[in-house]
Amino acid sequence: MKLRFSKHLTAKTRRDCMLKVYPDGEPRAFLTQCEEERRGEGVASTRTFDFPDYAVVIARTEFGSAVISPDEPGDVAIEVHIGPEANDVVAAAAEVEARGMAAKAGIEEGEQGIPGFSGFSIIRH
């Protein structure tokens, strides 16, 4: 299951992505490619991962102002990527954790958005 995630930091904006892999595993163990680009003081990177087909990956993407403050927490997107051979129990556990992450981020149950940019998404591969 190949997935790509991007992040950036400039003087004005930021985008960061945190990954959690089920049933277990460190995301960087599945990293196959990392492209980094610098423009002035800004830096952007795109990372490509090749996760096993039995894996479930939770991606929490946060973006907004480069200056993080309680008044402007930024936007959050939560995606659950379920591999084609993922165990139903593992997928269900990951979904429960992802729903908890979404609730903490203020994302309403069933709030659909643009994957990677807003809302909560469950994506079966």
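The values are calculated or read from the model by the stated rules, or taken from the named source; none is laboratory data. This is a predicted model, so every value here is computed, not measured. When we count neighbours, we look across all protein chains shown, and the Cβ atoms used for this are built from the backbone with ideal geometry, even at glycine. Accessible surface areas use protein heavy atoms only, side chains included; no ligands, DNA or RNA. Shrake-Rupley method; radii C 1.70, N 1.55, O 1.52, S 1.80 Å.
Build a GNM of the chain with springs between Cα atoms under 10 Å apart, and of F51, F30, F63 the one that fluctuates most is F30. Taking only Cα atoms, what is the 0 to 90° angle, nearest 10, from helix 88-104's long axis to the longest principal axis of the chain? Between helix and principal axis, roughly 30 degrees.
Expressed as a whole percent, the accessible surface of the chain that belongs to carbon and sulfur atoms is 52, based on a 1.4 Å probe. So if we plug the beta-carbon distance of L31 and I123 into 1/(1 + (r/R0)^6) with R0 = 22 Å, what FRET efficiency do we get, rounded to 0.05? Step by step, r from the Cβ atoms, then E = 0.65. Both radii are taken from the alpha-carbon atoms of the chain; with Rh as the Kirkwood radius, Rg/Rh is 0.98.
Among the GluC sites (Glu not before Pro) in region 10-96, those placed in a DSSP loop whose Cβ has at most 11 other Cβ atoms within 10 Å are E41, E85. So if we plug the beta-carbon distance of A93 and R38 into 1/(1 + (r/R0)^6) with R0 = 41 Å, what FRET efficiency do we get, rounded to 0.05? After rounding to 0.05, the efficiency reads 0.60. Taking Cα centre as origin and charging only the Cβ of basic (Lys, Arg, +1) and acidic (Asp, Glu, -1) residues, the dipole magnitude of region 1-104 rounds to 340 debye. A 1.4 Å probe run over the protein chains yields, for the chain, 61 Å² of accessible area per residue, whole-number rounding.
As an exercise, find the ratio Rg/Rh for region 7-75 from alpha-carbon atoms, using the Kirkwood inverse-distance average for Rh. Intermediate results must be reported in sequence, preceding the final value.
Details: Rg = 14.2 Å, Rh = 13.6 Å.
That ratio equals 1.05.
Evaluating 6.51 cos²θ - 1.76 cosθ + 1.60 at θ = phi - 60° for every residue in region 20-27, the Karplus couplings come out as 9, 10, 10, x, 6, x, 9, x Hz, glycine and proline recorded as x.
If you take all other residues with their beta carbon under 13 Å from the beta carbon of D53, and give Lys and Arg +1 and Asp and Glu -1, the sum is 0.
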